[in-house]
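Visitor: Structure below; questions to follow.
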Amino acid sequence: MSAGFGNALPESGQRATRWLTPTKIVESLGKFDLDPCGAPGHSLAETTYQIDEGQDGLKLDWNGRVWLNPPYGAEANPFLARMKEHQFGTAFLFARTETRAFFEYVWGGASSVLFLKGRVKFLKPDLTEAQAANAPSVLIAYGDYDSMMLEKSGIDGKFIKL
């Protein structure tokens with residue numbers, strides 16, 4: 001993982017790889033059992049693995065419904081591959097629909113997507129709101145249950161069943 005993992009915004013001159021999820025988004029989707037990419041002080045599931053504390057969410061067990069907001073960029077790919085295999089949860093990414101990873105792990109494995117209206121204001125490490133993201137975001141459901149929860153979430157955007 002990069003040194004940027006766990007940070008909502010980069011240090012001066014660095015690229016951000018981790019963006020903390022606004023809690024209201026996750027709350028709109030119901031209860032999650034596991035967050036394999038958790039950040040200190042920002043638990044969004046019953047069990048949270050924190051890379052900052054030496055817990056590798058790729059190597060540890062995935063049980064139950066997973067909330068996945070992986071580090072962004074190429075570091076997301078192994079997490080998305082694991083989610084595609086797990087098929088029970090929701091992922092949160094920038095909507096880079098043309099990328100090889102999106103074709104492989106979303107178009108080629110997800111049940112539905114919800115393209116969010118407007119730009120998300122992610123959270124800083126102190127859990128205060130950051131400026132709006134520089135790209136659109138998408139919620140990606142894996143499995144029928146998460147697809148249903150995404151569709152009925154009330155989150156503003158465009159829902160598409162795959």
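Laboratory data are not the source of any read-out in this text; all were calculated from the coordinates shown. Remember, predicted model here, so these are calculated numbers, not experimental data. Glycine also receives a Cβ, built like all others from the backbone with ideal geometry; neighbour counts cover every protein chain displayed.
Visitor: Considering only the chain, what is the antiparallel percent among its DSSP beta bridges, to the nearest 5? Intermediate results must be reported in sequence, preceding the final value.
Guide: Values: 19 of 26 bridges.
So the antiparallel bridges amount to about 75 percent of the total.
Visitor: If you don't mind, another one. Label points 7 Å out from Cα along the Cβ direction at PHE159 and GLN55: separation in nm?
Guide: Result for the modelled spin labels: 3.1 nm.
Visitor: Next question, about the same structure. Under 18 Å Cα to Cα from LYS84, which lysines show up? Leave out anything in the same chain fewer than 8 places away.
Guide: LYS84 reaches LYS59, LYS161.
Visitor: Report, in deg cm²/dmol and to the nearest 500, the calculated mean residue ellipticity at 222 nm for the chain, where each DSSP H run with n ≥ 4 adds -39500 (n - 2.57) and the sum is divided by the residue count.
Guide: On the way: 3 runs with 24 residues, N = 162.
The helix contribution divided over the chain gives -4000 deg cm²/dmol.
Visitor: Kindly give the semi-axes, whole Å and largest first, of the ellipsoid equivalent to the chain, taking each as the square root of 5 times a Cα gyration tensor eigenvalue. Working shown, then result.
Guide: Working: eigenvalues 91, 64, 50 Å².
After scaling each eigenvalue by five and taking roots: 21, 18, 16 Å.
Visitor: Can you list the aspartates and glutamates whose alpha carbon sits under 19 Å from that of LYS24, skipping same-chain ones fewer than 8 residues off?
Guide: Those aspartates and glutamates meeting the cut-off are ASP33, ASP35, GLU46, ASP126, GLU129, ASP146, GLU151, ASP156.
Visitor: Also, quick follow-up: Below 8 Å, C-alpha to C-alpha, sequence gap of six or more: please give me the relative contact order for segment 23-161 in percent.
Guide: Relative contact order comes out at 21 percent.
Visitor: State the dimensionless ratio Rg/Rh of segment 93-148 (Rg: radius of gyration of Cα atoms; Rh: Kirkwood radius).
Guide: On the way: Rg = 13.0 Å, Rh = 12.5 Å.
Ratio of gyration radius to Kirkwood radius for segment 93-148: 1.04.
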